[in-house]
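The values are calculated or read from the model by the stated rules, or taken from the named source; none is laboratory data. Given the structure is predicted, the values throughout are model-derived calculations rather than measurements. Cβ sites come from the backbone with ideal geometry, for glycine too, and all protein chains shown count toward neighbours. The area values use the complete protein model at the heavy-atom level, side chains included, leaving out ligands, DNA and RNA. Shrake-Rupley method; radii C 1.70, N 1.55, O 1.52, S 1.80 Å.
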Amino acid sequence: MPTAQRLFLLAAICLCVHPLAAQPNSPHRFETHASIGAGGTYDDEGSIGSGLSASFGAGYRLTPRFGVEGEYTYLRFRRDFGIVGEWKGGAHTVTGNALLHFRPKTRVQPFLLLGAGALSHTSGDGPGFAWTAGAGLKGYLSDHIFLRPEIRFTSGRYDRRPFQPEPPISNLRFQFGIGYRW
């Protein structure tokens, strides 16, 4: 598709979506967020390291209390064994999440989150199944901008060879984000 047609299509989509998303008194709003965090990663033998994570996502409030979102997260981990060497790696997860908001009409809205999706490792292992659960809050600085601190637990399993599944890889992380809702 030529560039001019792509730009026209993008402009048409934005013009159609913007009036739907920009309803100031509606609880049904589109949201986007980005977060950074830190945490530990574990397998069946214990800790395999700690490191930083980054995520971003987009969601929609179906009702004042219930929302859905899609999210991508990248997590790096590293553990130094001294003279023996080090263990390091990373994981990519893509999940669809459901959020239950408490006190949805206030500026500080606690929430619970539960989601499922796909997992892969930087070592090339995967893809596999992942699930995530968490709790946090959205603190609205204005009608559009919010802060999003949360704690998240994610666990996943992938199969390296048939009938020989790998043990689950899990991580517990604290993350802090900023978001925007239309």
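Name the shape class, rounded, prolate or oblate, that the alpha-carbon gyration tensor gives for the range 35-182, where a ≥ b ≥ c are the square roots of its eigenvalues, rounded holds for a/c under 1.5, and otherwise prolate holds if a/b is larger than b/c and oblate otherwise. The shape class here is prolate. For the range 53-121, the square roots of the Cα gyration tensor eigenvalues, ordered a ≥ b ≥ c, give a/c of at least 1.5 with a/b greater than b/c, which places it in the prolate category. Taking every protein chain into account, the 1.4 Å probe leaves Phe30 with about 80 Å² of accessible area, to the nearest ten. Using the Cβ of Arg65 as centre and a radius below 12 Å, the other residues enclosed give a net charge of +3, where K and R count +1 and D and E count -1. For the range 53-91, the set of chymotrypsin sites (Phe, Trp or Tyr not before Pro) satisfying both a DSSP loop assignment and a count of at most 14 other C-beta atoms within 10 Å is given as Phe81. Split the accessible area of the range 80-119 by element, probe 1.4 Å, and carbon with sulfur accounts for 71%.
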